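The values are calculated or read from the model by the stated rules, or taken from the named source; none is laboratory data. Owing to the predicted nature of the structure, the values given are computational and were not obtained by experimental measurement. Here the Cβ positions follow ideal geometry from the backbone for every residue, glycine too, while neighbour counts run over all protein chains shown.
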Amino acid sequence: MGDHVFVHAQGSGVAPVVKSAVEIELMRKAGQILAKTHAIVGQMVEPGVSLLELDAAAEHVIRSEGATPSFKGFHGFPGTICTALNSEVVHGIPDQRKLQAGDIITIDSGACWRCYHSDAARTYIVGGEATHPERAKFSKTMYAALMAGINKAHAGNRVGDISAAVQAVIDASPYSLVREYGGHGLGKDLHEEPYIANYGKAEAGILLKTGMVLAIEPIVAMGSPNTQVLGDKWTVVTLDGSDAGQWEHFGVVQEDHFEILC
Ligand code: MG
(Lines give C-alpha, C1' and ligand atoms only; values in the text may rest on other atoms or scores of the structure.)
Protein backbone atom coordinates (compact mmCIF):
# COMPACT_ATOMS: atom_id res chain seq x y z
CA MET A 1 0.00 0.00 0.00
CA GLY A 2 1.20 3.44 -0.73
CA ASP A 3 -0.59 5.23 2.05
CA HIS A 4 2.48 5.55 4.24
CA VAL A 5 0.95 3.74 7.13
CA PHE A 6 3.88 3.52 9.51
CA VAL A 7 4.68 7.15 10.03
CA HIS A 8 1.68 8.90 8.56
CA ALA A 9 -1.33 8.57 10.79
CA GLN A 10 -4.25 10.28 9.17
CA GLY A 11 -6.22 12.44 11.51
CA SER A 12 -9.40 10.53 12.29
CA GLY A 13 -11.07 13.08 14.52
CA VAL A 14 -11.17 10.53 17.34
CA ALA A 15 -10.03 12.01 20.64
CA PRO A 16 -6.68 10.73 21.96
CA VAL A 17 -7.01 8.06 24.59
CA VAL A 18 -5.42 8.34 28.02
CA LYS A 19 -4.08 4.90 28.91
CA SER A 20 -4.70 3.21 32.23
CA ALA A 21 -1.83 2.20 34.49
CA VAL A 22 -2.33 -1.40 33.40
CA GLU A 23 -2.15 -0.46 29.73
CA ILE A 24 0.97 1.64 30.29
CA GLU A 25 2.62 -1.30 32.03
CA LEU A 26 1.91 -3.49 28.99
CA MET A 27 3.33 -0.83 26.70
CA ARG A 28 6.37 -0.48 28.95
CA LYS A 29 6.98 -4.20 28.40
CA ALA A 30 6.43 -3.81 24.65
CA GLY A 31 9.00 -1.03 24.76
CA GLN A 32 11.51 -3.16 26.66
CA ILE A 33 11.21 -5.91 24.06
CA LEU A 34 11.70 -3.39 21.27
CA ALA A 35 14.70 -1.84 23.05
CA LYS A 36 16.31 -5.27 23.29
CA THR A 37 15.55 -5.82 19.61
CA HIS A 38 17.10 -2.52 18.59
CA ALA A 39 20.16 -3.19 20.74
CA ILE A 40 20.79 -6.59 19.14
CA VAL A 41 20.05 -5.44 15.60
CA GLY A 42 22.12 -2.29 16.13
CA GLN A 43 25.14 -4.39 17.08
CA MET A 44 24.77 -6.21 13.76
CA VAL A 45 24.94 -3.00 11.72
CA GLU A 46 28.34 -3.49 10.08
CA PRO A 47 29.62 -3.51 6.50
CA GLY A 48 28.60 -6.72 4.73
CA VAL A 49 25.43 -7.50 6.65
CA SER A 50 22.27 -7.64 4.53
CA LEU A 51 19.01 -5.88 5.29
CA LEU A 52 17.27 -9.26 5.31
CA GLU A 53 19.67 -10.51 7.98
CA LEU A 54 18.78 -7.53 10.15
CA ASP A 55 15.09 -8.18 9.57
CA ALA A 56 15.38 -11.87 10.48
CA ALA A 57 17.28 -11.04 13.66
CA ALA A 58 14.67 -8.50 14.71
CA GLU A 59 11.85 -10.96 14.16
CA HIS A 60 13.72 -13.65 16.11
CA VAL A 61 14.26 -11.39 19.13
CA ILE A 62 10.67 -10.17 19.20
CA ARG A 63 9.17 -13.65 18.89
CA SER A 64 11.61 -15.18 21.38
CA GLU A 65 10.28 -12.64 23.91
CA GLY A 66 6.75 -13.87 23.30
CA ALA A 67 5.73 -10.78 21.35
CA THR A 68 4.86 -10.34 17.68
CA PRO A 69 6.30 -7.90 15.14
CA SER A 70 3.95 -4.92 14.93
CA PHE A 71 4.91 -4.08 11.35
CA LYS A 72 4.91 -7.51 9.72
CA GLY A 73 1.67 -7.93 7.79
CA PHE A 74 0.50 -4.44 8.73
CA HIS A 75 -1.34 -3.37 5.57
CA GLY A 76 0.66 -6.15 3.93
CA PHE A 77 4.15 -4.90 4.83
CA PRO A 78 6.52 -7.88 4.51
CA GLY A 79 9.16 -6.98 7.10
CA THR A 80 9.63 -6.83 10.86
CA ILE A 81 11.71 -3.69 10.34
CA CYS A 82 11.45 -0.83 7.92
CA THR A 83 14.86 0.04 6.57
CA ALA A 84 15.73 3.43 5.10
CA LEU A 85 19.13 3.29 3.44
CA ASN A 86 20.77 6.54 2.29
CA SER A 87 18.24 8.30 0.02
CA GLU A 88 15.36 6.20 1.32
CA VAL A 89 13.13 8.20 3.65
CA VAL A 90 10.73 5.72 5.28
CA HIS A 91 9.09 2.32 4.68
CA GLY A 92 11.95 0.63 2.87
CA ILE A 93 11.51 -3.11 2.55
CA PRO A 94 14.45 -5.16 3.86
CA ASP A 95 16.10 -6.98 0.96
CA GLN A 96 19.36 -8.65 -0.10
CA ARG A 97 21.38 -5.44 -0.24
CA LYS A 98 24.41 -5.43 2.01
CA LEU A 99 25.50 -2.47 4.09
CA GLN A 100 28.66 -0.63 3.12
CA ALA A 101 30.93 1.51 5.29
CA GLY A 102 29.64 5.06 5.40
CA ASP A 103 26.02 4.19 4.63
CA ILE A 104 23.35 5.86 6.73
CA ILE A 105 20.50 3.57 7.70
CA THR A 106 17.37 4.09 9.76
CA ILE A 107 15.84 0.98 11.31
CA ASP A 108 12.23 1.40 12.42
CA SER A 109 10.35 -1.38 14.19
CA GLY A 110 7.62 -2.27 16.63
CA ALA A 111 6.71 -5.11 18.97
CA CYS A 112 3.24 -6.08 20.09
CA TRP A 113 2.93 -7.40 23.64
CA ARG A 114 -0.51 -8.62 24.74
CA CYS A 115 -2.22 -6.46 22.11
CA TYR A 116 -0.22 -3.29 22.84
CA HIS A 117 2.31 -1.86 20.41
CA SER A 118 5.68 -0.19 20.66
CA ASP A 119 7.31 1.83 17.87
CA ALA A 120 10.80 3.32 17.64
CA ALA A 121 13.47 4.03 15.04
CA ARG A 122 17.23 4.46 15.27
CA THR A 123 19.74 5.71 12.72
CA TYR A 124 23.27 4.39 12.24
CA ILE A 125 26.35 5.30 10.27
CA VAL A 126 27.64 1.93 9.05
CA GLY A 127 31.19 1.35 10.24
CA GLY A 128 31.00 4.20 12.72
CA GLU A 129 30.62 7.95 12.62
CA ALA A 130 34.21 8.50 11.46
CA THR A 131 33.40 6.78 8.15
CA HIS A 132 31.07 9.62 7.19
CA PRO A 133 31.14 12.67 9.49
CA GLU A 134 28.64 14.60 7.36
CA ARG A 135 26.04 11.87 7.74
CA ALA A 136 26.88 11.54 11.44
CA LYS A 137 26.18 15.25 11.90
CA PHE A 138 22.90 14.86 10.02
CA SER A 139 21.83 11.99 12.28
CA LYS A 140 22.75 13.97 15.41
CA THR A 141 20.65 16.90 14.21
CA MET A 142 17.64 14.62 13.66
CA TYR A 143 18.11 13.26 17.18
CA ALA A 144 18.36 16.77 18.59
CA ALA A 145 15.06 17.62 16.89
CA LEU A 146 13.46 14.52 18.41
CA MET A 147 14.67 15.43 21.89
CA ALA A 148 13.51 19.03 21.50
CA GLY A 149 10.04 17.66 20.77
CA ILE A 150 10.22 15.22 23.67
CA ASN A 151 11.15 18.03 26.04
CA LYS A 152 7.80 19.64 25.23
CA ALA A 153 5.75 16.43 25.49
CA HIS A 154 4.51 16.82 29.04
CA ALA A 155 1.05 17.35 30.46
CA GLY A 156 -0.36 20.85 30.04
CA ASN A 157 1.43 21.48 26.76
CA ARG A 158 -0.19 20.98 23.38
CA VAL A 159 0.72 18.84 20.40
CA GLY A 160 1.77 22.01 18.59
CA ASP A 161 4.45 22.62 21.21
CA ILE A 162 6.09 19.34 20.13
CA SER A 163 5.71 20.22 16.45
CA ALA A 164 7.15 23.70 16.82
CA ALA A 165 10.12 22.49 18.86
CA VAL A 166 11.01 19.85 16.26
CA GLN A 167 10.65 22.36 13.45
CA ALA A 168 12.83 24.96 15.18
CA VAL A 169 15.80 22.58 15.31
CA ILE A 170 15.54 21.59 11.66
CA ASP A 171 14.83 25.15 10.50
CA ALA A 172 18.08 26.21 12.17
CA SER A 173 19.97 23.45 10.31
CA PRO A 174 20.94 23.04 6.64
CA TYR A 175 18.41 20.19 6.37
CA SER A 176 14.70 20.03 5.55
CA LEU A 177 11.66 18.43 7.15
CA VAL A 178 9.75 15.85 5.13
CA ARG A 179 6.32 17.19 5.93
CA GLU A 180 4.14 14.35 4.67
CA TYR A 181 5.06 12.14 7.62
CA GLY A 182 4.82 12.54 11.35
CA GLY A 183 4.32 11.02 14.75
CA HIS A 184 1.22 9.61 16.37
CA GLY A 185 -0.46 8.15 19.38
CA LEU A 186 -0.34 4.38 19.80
CA GLY A 187 -1.80 1.63 21.93
CA LYS A 188 -3.88 -1.32 20.78
CA ASP A 189 -3.54 0.24 17.36
CA LEU A 190 -0.14 1.09 15.96
CA HIS A 191 -1.49 4.47 14.95
CA GLU A 192 -3.91 6.38 17.11
CA GLU A 193 -4.72 10.02 17.64
CA PRO A 194 -3.19 12.52 17.88
CA TYR A 195 -1.26 12.97 14.65
CA ILE A 196 1.96 14.84 15.50
CA ALA A 197 3.22 16.97 12.63
CA ASN A 198 6.91 17.82 12.71
CA TYR A 199 6.12 21.47 12.05
CA GLY A 200 3.51 23.83 13.38
CA LYS A 201 2.62 26.44 15.91
CA ALA A 202 3.35 26.29 19.62
CA GLU A 203 0.36 26.38 21.97
CA ALA A 204 -1.89 24.97 19.22
CA GLY A 205 -3.61 21.62 18.89
CA ILE A 206 -4.72 18.97 21.32
CA LEU A 207 -3.92 19.34 25.00
CA LEU A 208 -1.47 16.72 26.26
CA LYS A 209 -2.64 14.76 29.27
CA THR A 210 -0.83 12.42 31.64
CA GLY A 211 -1.14 8.87 30.33
CA MET A 212 -1.23 9.60 26.62
CA VAL A 213 1.22 7.38 24.77
CA LEU A 214 2.93 9.05 21.80
CA ALA A 215 5.51 8.25 19.14
CA ILE A 216 7.54 11.30 18.15
CA GLU A 217 9.52 10.98 14.93
CA PRO A 218 11.14 13.77 12.95
CA ILE A 219 11.68 12.69 9.34
CA VAL A 220 14.37 14.75 7.68
CA ALA A 221 16.13 15.09 4.33
CA MET A 222 19.63 16.42 3.84
CA GLY A 223 18.55 18.19 0.66
CA SER A 224 15.14 18.91 -0.81
CA PRO A 225 12.21 17.46 1.18
CA ASN A 226 10.35 16.28 -1.92
CA THR A 227 9.76 12.54 -2.07
CA GLN A 228 8.31 9.81 -4.24
CA VAL A 229 7.10 6.27 -3.59
CA LEU A 230 8.90 3.53 -5.54
CA GLY A 231 7.20 0.87 -7.64
CA ASP A 232 7.12 -1.54 -4.69
CA LYS A 233 4.38 0.78 -3.36
CA TRP A 234 6.24 1.14 -0.05
CA THR A 235 9.70 2.59 -0.27
CA VAL A 236 9.73 6.39 -0.04
CA VAL A 237 12.83 8.05 -1.47
CA THR A 238 13.97 11.64 -1.88
CA LEU A 239 13.42 13.00 -5.38
CA ASP A 240 16.86 14.61 -5.48
CA GLY A 241 18.62 11.50 -4.18
CA SER A 242 19.83 13.23 -1.03
CA ASP A 243 20.11 11.34 2.23
CA ALA A 244 17.17 11.10 4.58
CA GLY A 245 16.18 9.35 7.78
CA GLN A 246 14.51 9.58 11.13
CA TRP A 247 14.85 8.99 14.83
CA GLU A 248 11.81 7.93 16.81
CA HIS A 249 11.07 7.38 20.48
CA PHE A 250 7.73 6.43 21.92
CA GLY A 251 6.69 7.01 25.49
CA VAL A 252 4.11 8.23 27.92
CA VAL A 253 3.16 11.80 28.75
CA GLN A 254 3.79 12.45 32.43
CA GLU A 255 2.93 15.46 34.54
CA ASP A 256 6.30 17.18 34.09
CA HIS A 257 8.18 15.09 31.54
CA PHE A 258 7.91 12.52 28.76
CA GLU A 259 8.84 9.03 29.90
CA ILE A 260 10.60 7.33 26.98
CA LEU A 261 9.51 3.70 26.70
CA CYS A 262 11.84 2.93 23.78
MG1 MG B 1 5.88 5.59 14.31
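For the condition in a helix (DSSP H, G or I), farther than 14 Å from His117 by Cα, in contact with a helix residue (DSSP H, G or I) (Cβ under 6 Å, 6 or more places away or on another chain) and touching a residue at least 60 places away in the same chain (Cβ under 8 Å), what is the one hit in Val61, Val41?
Val41
Restricting attention to the range 109-125, which residues are more than 16 Å from the ligand (Cβ to nearest atom) and either within 17 Å of Gly92 (Cα to Cα) or assigned to a strand (DSSP E or B) (or both)?
Result: Trp113, Tyr124, Ile125.
Just to be sure before I move on: is Thr106 more than 16 Å from the ligand (Cβ to nearest atom), closer than 24 Å to Ala197 by Cα and of a type in the set (Ser, Thr, Tyr) in the structure I sent?
no
Go through (1) assigned to a loop (DSSP other than H, G, I, E, B); (2) more than 16 Å from the ligand (Cβ to nearest atom); (3) within 22 Å of Ala57 (Cβ to Cβ); (4) not aliphatic (A, V, I, L, M) for Ser139 and report which single condition fails.
Evaluating Ser139 over (1) assigned to a loop (DSSP other than H, G, I, E, B); (2) more than 16 Å from the ligand (Cβ to nearest atom); (3) within 22 Å of Ala57 (Cβ to Cβ); (4) not aliphatic (A, V, I, L, M) leaves (1) as the failure.
Output the qualifying pairs, or none if there are none: Cβ atoms under 9 angstrom, residues six or more apart or on different chains, first residue in the range 237-262 and without any contact (Cβ under 8 Å) to a residue 12 or more places away in the chain and under 25 Å from Leu186 (Cα atoms), second residue crowded, with 23+ Cβ neighbours inside 10 Å and not β-branched (Val, Ile, Thr).
Sorted first by the residue in the range 237-262, then by its partner, the pairs are Glu259/Gly251.
If you go through the range 230-261, how many residues are more than 19 Å from Leu208 (Cβ to Cβ) and either under 16 Å from the mean Cα position of the chain (by Cα) or buried (at least 17 other Cβ atoms within 10 Å of the Cβ) (or both)?
The number of residues fulfilling the criteria is 11.
Give the residue, chosen from Pro16, Pro78, that is assigned to a loop (DSSP other than H, G, I, E, B) and either free of Cβ contacts under 8 Å to residues at least 12 places away in the same chain or buried (at least 16 other Cβ atoms within 10 Å of the Cβ) (or both).
Checking each option against the conditions leaves just Pro16.
Is it the case that the range 159-166 has a residue that's within 16 Å of the ligand (Cβ to nearest atom) and surrounded by fewer than 16 Cβ atoms within 10 Å (Cβ to Cβ)?
No: zero hits.
For residues in the range 180-197 being part of a loop (DSSP other than H, G, I, E, B) and within 12 Å of the ligand (Cβ to nearest atom), which is farthest from the chain's Cα centre (by Cα)?
Asp189
Here are Ala56, Ala84: which of them is assigned to a helix (DSSP H, G or I), modelled with pLDDT of 95 or more and of a type in the set (Gly, Ala, Ser)?
The conditions single out Ala56.
Looking at the range 213-227, can you tell me whether even one residue there is surrounded by fewer than 18 Cβ atoms within 10 Å (Cβ to Cβ), touching a Gly at 6+ places or on another chain (Cβ under 6 Å), without any contact (Cβ under 8 Å) to a residue 40 or more places away in the chain and over 19 Å from Thr141 (Cβ atoms)?
Looking for residues that are surrounded by fewer than 18 Cβ atoms within 10 Å (Cβ to Cβ), touching a Gly at 6+ places or on another chain (Cβ under 6 Å), without any contact (Cβ under 8 Å) to a residue 40 or more places away in the chain and over 19 Å from Thr141 (Cβ atoms), one finds none in the range 213-227, hence no.
Results for (1) under 17 Å from the mean Cα position of the chain (by Cα); (2) more than 16 Å from the ligand (Cβ to nearest atom); (3) at pLDDT below 95, shown as yes or no for each residue.
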{"position": "Gly2", "(1), (2), (3)": "no, yes, yes"}
{"position": "Val7", "(1), (2), (3)": "yes, no, yes"}
{"position": "Gln10", "(1), (2), (3)": "yes, no, yes"}
{"position": "Val17", "(1), (2), (3)": "no, yes, yes"}
{"position": "Val22", "(1), (2), (3)": "no, yes, no"}
{"position": "Glu25", "(1), (2), (3)": "no, yes, no"}
{"position": "Ala30", "(1), (2), (3)": "yes, no, no"}
{"position": "Leu34", "(1), (2), (3)": "yes, no, no"}
{"position": "Gly42", "(1), (2), (3)": "yes, yes, no"}
